[in-house]
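Structure first, then comments.
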Amino acid sequence: MIRHVIAAIATLLALWASYYMYSLDKTVHKLQEIHRVIKASEIKVQLKKPTIVREDVQTDNKAAAEKQLKAKNKELDKKLEALKNKAGNIAAFKVSKLYKQNCSSCHGVNGRGIIGPSLVGKSKEFILKQLKDFKSGKRRNYVMYGLLQKMDDEKLNNLATEISTFKEKWDKYNNK
């Protein structure tokens, strides 16, 4: 009788272990997919202003060509400004490599938010609590969970400290 009970318990434990491994595999697959999506969505932006040079302009139509060239340059300036505003002005202030690699694709280079919420104006304590809640799974977000799993408390603290300075840096940049 005791043998049968022990065998039943062992069978249940084996089934539970199989299910647990299966759920871990599913989670790992989700995290790998999230990592792949993040990697694929990285945007490399070249902000160097192109110049339009026309050497085939005839001398009798030079004034009209210069006017057209100025209009095209003005249009390019507008497009460049719109791109800077959408992506966050990279030159506004410096951010750490840790922030750039882990946060900027969703929260923007300057924390103003792209697909993730704006982080500007949040306190260090608030940010640190949110980071720890995402890492522990208390707050559910697979992207945040995947990014924070390998970070130790020191890195989380450094991120929270840096992010808490964004409002001050942004205000300083805008009052130039």
*Which of the residues that make up region 157-175 are buried (at least 16 other Cβ atoms within 10 Å of the Cβ) and either β-branched (Val, Ile, Thr) or not assigned by TED's automatic domain parsing to the domain that holds Gly111 (or both)?*
Ile163
*Identify, by number, the condition in (1) at pLDDT 70 or above; (2) touching a Gly at 6+ places or on another chain (Cβ under 8 Å) that Ile6 doesn't meet.*
(2)
*Quick one: in region 106-119, which of the residues that are buried (at least 20 other Cβ atoms within 10 Å of the Cβ) and touching a helix residue (DSSP H, G or I) at 6+ places or on another chain (Cβ under 6 Å) is modelled with the lowest pLDDT?*
Gly111
*Residue by residue through region 125-156, note down the ones that are buried (at least 16 other Cβ atoms within 10 Å of the Cβ) and among the aromatic types (Phe, Trp, Tyr).*
Phe134, Tyr145
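The values are calculated or read from the model by the stated rules, or taken from the named source; none is laboratory data. As the structure is a prediction and not an experimental result, all values here were calculated from the model. Heads up, the Cβs are rebuilt from the backbone with ideal geometry, glycines too, and the neighbour counts pull from every protein chain shown.
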